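One structure is given here, and the rest of the page talks about it.
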Amino acid sequence: MTTTDLFPMLRDLPRTEKLRVMQFLIAELAREEEPTLQAGATYSLWSPLNSHEAAHKLGQLLESEQPTPNA
């Protein structure tokens, strides 16, 4: 079935059925976008823990910031 065949049928549906079709399509699209994780697999995640370079850059940024007088 093509969208050319499907659109007239969808147009004739009651509002509640159109909403149900929309929910179905959104759920299908979301399911296709989700990454598939394998049970028992190991995945690496980035963490700032022990990131000394990031801490050094943050320290430099904080030191270079000019104090602003309170109004």
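What follows is calculated from the coordinates using simple rules that are stated; it is not laboratory data. For clarity, every value in this text was computed on a predicted model and none was experimentally measured. Glycine also receives a Cβ, built like all others from the backbone with ideal geometry; neighbour counts cover every protein chain displayed.
Sticking to Cα atoms, compute the Rg of the chain to one decimal and its Dmax as the biggest Cα-Cα distance, whole number, in Å.
Cα only, the chain: 26.3, 69 Å (Rg, Dmax).
In deg cm²/dmol, rounded to 500, what helix-only [θ] at 222 nm does the chain give when every DSSP H run of at least 4 residues adds -39500 (n - 2.57) and the total is split over its residues? Working shown, then result.
Working: 3 runs with 41 residues, N = 71.
Rounded to the nearest 500, the figure is -18500 deg cm²/dmol.
On a 0 to 90 degree scale, rounded to 10, what angle separates helix 52-64 from the longest Cα axis of the chain?
Its long axis makes an angle of about 70 degrees.
Work out, step by step, the length gained on full extension between M1 and T68: first 0.36 nm times the residue separation, then minus their alpha carbon distance; give nm to one decimal.
Working: separation 67, 0.36 × 67 = 24.12 nm, distance 6.60 nm.
Length difference between fully extended and current span is 17.5 nm.
Please determine, in degrees from 0 to 90 and to the nearest 10, the orientation of helix 15-33 with respect to the longest principal axis defined by the Cα atoms of the chain, where the helix direction is its Cα long axis.
Taking Cα atoms only, the helix is inclined about 50 degrees.
Which residues does a label at M9 reach in region 20-62, if reach means a backbone N under 17 Å from a point 7 Å past the Cα toward the Cβ?
Backbone N within reach: 20-25.
Could the peptides 54-67, 13-26, 33-46 be put in order, highest first, of the mean number of other beta-carbon atoms found within 10 Å of their residues?
Sorting 54-67, 13-26, 33-46 by mean packing, highest first, produces 13-26, 54-67, 33-46.
Estimate the FRET efficiency between L61 and E33 by the formula 1/(1 + (r/R0)^6), using the beta-carbon distance for r and 35 Å for R0, to the nearest 0.05. Can you show the working numbers first?
Numbers: r = 35 Å, r/R0 = 1.01.
Efficiency, from the Cβ-Cβ distance: 0.50.
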